[in-house]
Amino acid sequence: MSIRARFDIAYPGFTFAANLDLPGRGVTALFGHSGSGKTTCLRAIAGLERAPGGYLEVNGEVWQDDANDIFLPTHKRPLGYVFQEANLFAHLTVRDNLDYGRKRVAAAKHRITPKHMIELLGIAPLLDRLPERLSGGERQRVAIARALLTSPSLLLMDEPLAALDMKRKAEILPYLERLHDELDVPVLYVSHTPDEVARLADHLVLLEDGKVIASGATSELMTRLDMPLAHGDSAEALIPATVIRQDINDLLTFVAFHGGELTLPFQEVQIGQHVRIRIQARDVSLTLTRQQDTSILNILSATVTDICNDNPGQVLVALDVGGTRMLARITHKSSEALELKAGSKVYAQIKGVAILK
Amino acid sequence: MLAAADLAAIWLTLKLATLTTVLLLLIGTPIAWWLARTRSAWKGAVIAVVALPIVLPPTVIGFYLLVAMGPNGPIGQLTQSLGLGVLPFTFAGLVVASVFYSMPFVVQPILNAFEAIGEGPLEAAATLRASPLDAFFTVAVPLARPGFITASILGFAHTVGEFGVVLMIGGNIPDQTRVVSVQIYDHVEALEYAQAHWLSAGLVVFSFVVLLALYGLNPNRRR
């Protein structure tokens, strides 16, 4: 199960050259600034953009191999595409929009049912409306359902939230997370928003000026100090974890991750549930000895792996906690006072932990 | 009131305009689609040729069509070899001429409507497994509906209002080529002003109603 792509597209003033080998499952985010080639890459995979001399193979099926004169036109590729603008058909009701792709796919290939999609994306009340009577967020939900109802073997999403305001974004993100958990469709997700990537992506491809600068697990790339994502105010670590205990007297939730345990304020989660934990670099402080009389519950033993300068007067410290990577942002002065360097043994005091899902 | 000859002229006019409009929708739609989608260097030239009848005097169009459809012209040679004879001074000839004459009034609105759709819905259709032809009929045509309505109304009305081309190519043969506009000309020549009034006023009302329908009721303008 994998997606292998090799594209070279030359535009006046911009060249896009990518050689990708992506996992054929879970959510892979193509992340970069506007103009980095994310959308071009997605359109080339869909066949909407012709990349001469390109090669594309999705889960063993060759979609494009110009060396052997193979190029499947878009409508013959078993994919779903969610555009930035929903692109619903204005002359059809929501119900007919949903049916449009589904009825063009052989019934034997239907894996995803309308009932499931309508329920999952909460669009039952909208079915008889025309697209012009929908809000931006509703439109995008219908577009996602419409694409998925073709039971695609790959779902491409081109910044599906970009045209929405913060409130609508917050409204859709939980639906996207449910898709990720409930459906076994690999997703390529284009975004320039670190927060979306953090919440949705398992795998990350960083693009810059039409080139791939890194590709790897989200939790790793977000904490690597040589990567742009580890900088800026939102520097954070994302850690897969499992809920192990709920304490309803003290209203606490306990989770285990590879390398330790964390205590959180009480969350509405099930014991055994897999969750993604977010620890922001600015919420982590470091000590050389374990503090005894402190209000902080989460204190983990860690090893410093890397240090680099960050905002003026601050440094970013990469930590290894029993095999899991985390970041701490501390002042330059503290770093010197503690004589931190790669290999130093420290205790990470974590002030804030959030469950993303 | 209206004499039998006037009614025959009205009937002939409606028949000509209807047939011309239907033919133009069939011919004009693929032309408009090609123009809307092509990146060919010929696009401008084709648009200009289609638009020529807007600026040329009808006599010029009529003259060249007469030559082309005559026994020695290319269209005349073709129709003769097909055993159809020559077209000038026949109803068929009038239909061919009207198709050329009214072409821009049908192609332009459809072209505008196709261009207004943009790439988005068609790309969406392709990702939903619709072949280009499928997407054309199930997405482009329905979305361009206001353009088709405008095109039909304008094509029909413009053919009804044609005079110069008819005179050049069709002459004045009852039940064959004598349409309302020519009949009015005949009445005036014969100083039959009363009959001329009936037909002329009829055309004025007809034209007003058509334009009212176009500008007042067209869903295009409702938003």
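The values are calculated or read from the model by the stated rules, or taken from the named source; none is laboratory data. Just so it is clear, the structure is predicted and the values come from calculations on it, not from any experiment. Backbone-built Cβ (ideal geometry, glycine too); neighbour counts: all protein chains shown.
Numbers at a glance
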quantity: Per-region count, region B:63-75, residues surrounded by 13 or more Cβ atoms within 10 Å (Cβ to Cβ) and over 13 Å from residue B:169 (Cα atoms); calculated: 2
quantity: Complete set of residues in region A:306-319 that are assigned to a strand (DSSP E or B) and surrounded by fewer than 16 Cβ atoms within 10 Å (Cβ to Cβ); calculated: A:308, A:309
quantity: Among (1) touching a residue at least 12 places away in the same chain (Cβ under 8 Å); (2) crowded, with 21+ Cβ neighbours inside 10 Å; (3) within 14 Å of chain A (Cβ to nearest Cβ), the one test that residue B:130 misses; calculated: (1)
quantity: Any strands (runs of 3 or more DSSP E) falling wholly within region A:239-289 and containing at least 1 residues that are over 22 Å from residue A:177 (Cα atoms); calculated: A:252-257, A:260-265, A:284-287
quantity: Residue satisfying condition, being assigned by TED's automatic domain parsing to the domain that holds residue A:173 and within 15 Å of residue B:130 (Cα to Cα), within set A:127, A:121, A:72; calculated: A:72
quantity: Test result for residue A:218, among the β-branched types (Val, Ile, Thr) and either more than 13 Å from the chain's Cα centre (by Cα) or modelled with pLDDT under 80 (or both); calculated: no
quantity: Criterion: assigned by TED's automatic domain parsing to the domain that holds residue A:191, at pLDDT 85 or above and over 18 Å from residue A:154 (Cβ atoms) - qualifying residue of A:13, A:26, A:32; calculated: A:32
quantity: Any hit, region B:102-110, residues being within 8 Å of chain A (Cβ to nearest Cβ), surrounded by 18 or more Cβ atoms within 10 Å (Cβ to Cβ) and assigned to a helix (DSSP H, G or I); calculated: no
quantity: Single match in B:32, B:36 (criterion: among the small types (Gly, Ala, Ser), under 17 Å from the mean Cα position of the chain (by Cα) and part of a helix (DSSP H, G or I)); calculated: B:32
quantity: Leading residue by the ranking (surrounded by the fewest Cβ atoms within 10 Å (Cβ to Cβ)) among those in region A:222-249 that are among the small types (Gly, Ala, Ser) and out of contact with any Phe, Trp or Tyr (no Cβ under 6 Å at 6 or more places or on another chain); calculated: A:232
quantity: Residue within region B:116-124 that is within 14 Å of chain A (Cβ to nearest Cβ), in contact with a strand residue (DSSP E or B) (Cβ under 8 Å, 6 or more places away or on another chain) and of a type in the set (A, V, I, L, M, F, W, C) present; calculated: yes
quantity: Subset of region A:320-339 [under 17 Å from residue A:217 (Cβ atoms) and surrounded by 13 or more Cβ atoms within 10 Å (Cβ to Cβ)]; calculated: A:320, A:321, A:324, A:325, A:326, A:327
quantity: Number of the condition not met by residue B:214 [criteria: (1) buried (at least 16 other Cβ atoms within 10 Å of the Cβ); (2) modelled with pLDDT of 90 or more; (3) under 25 Å from residue B:110 (Cβ atoms)]; calculated: (2)
quantity: Lone unmet requirement of (1) more than 14 Å from chain A (Cβ to nearest Cβ); (2) surrounded by fewer than 16 Cβ atoms within 10 Å (Cβ to Cβ); (3) not hydroxyl-bearing (Ser, Thr, Tyr) for residue B:142; calculated: (1)
quantity: Index of the failed condition, residue A:170 passing every other in (1) touching an Asp or Glu at 6+ places or on another chain (Cβ under 8 Å); (2) at pLDDT below 85; calculated: (1)
quantity: For residue A:48: the one exception among (1) part of a loop (DSSP other than H, G, I, E, B); (2) within 15 Å of residue A:6 (Cα to Cα); (3) within 14 Å of chain B (Cβ to nearest Cβ); calculated: (2)
quantity: Residue pairs meeting the criteria (Cβ under 8 Å; at least 6 apart or on separate chains; first under 15 Å from residue B:201 (Cα atoms), in region B:1-23; second aromatic (Phe, Trp, Tyr) and assigned to a helix (DSSP H, G or I)); calculated: B:1/B:198; B:2/B:198; B:6/B:198
quantity: Output for region A:1-47, where each listed residue is surrounded by fewer than 17 Cβ atoms within 10 Å (Cβ to Cβ) and among the hydrophobic types (A, V, I, L, M, F, W, C); calculated: A:1, A:10, A:14, A:17
quantity: Which listed residue, of A:340, A:319, is touching a residue at least 12 places away in the same chain (Cβ under 8 Å) and under 17 Å from residue A:261 (Cα atoms); calculated: A:319
quantity: Among residues of region B:76-105, those that are within 20 Å of residue B:53 (Cβ to Cβ) and of a type in the set (Gly, Ala, Ser), counted; calculated: 5
quantity: Pairs with Cβ under 7 Å, 6+ apart, first in region A:6-30 and on the phi > 0 side of the Ramachandran plot, second crowded, with 17+ Cβ neighbours inside 10 Å and modelled with pLDDT of 85 or more; calculated: A:26/A:186; A:26/A:202; A:26/A:203
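For every residue, the table says whether it meets (1) assigned by TED's automatic domain parsing to the domain that holds residue A:151; (2) hydroxyl-bearing (Ser, Thr, Tyr).
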{"site": "A:191", "(1), (2)": "yes, yes"}
{"site": "A:202", "(1), (2)": "yes, no"}
{"site": "A:211", "(1), (2)": "yes, no"}
{"site": "A:248", "(1), (2)": "no, no"}
{"site": "A:257", "(1), (2)": "no, no"}
{"site": "A:264", "(1), (2)": "no, no"}
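Residue-wise test of (1) within 24 Å of the chain's Cα centre (by Cα); (2) modelled with pLDDT of 95 or more.
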residue	(1), (2)
A:44	yes, no
A:50	no, no
A:53	no, no
A:66	no, no
A:81	yes, yes
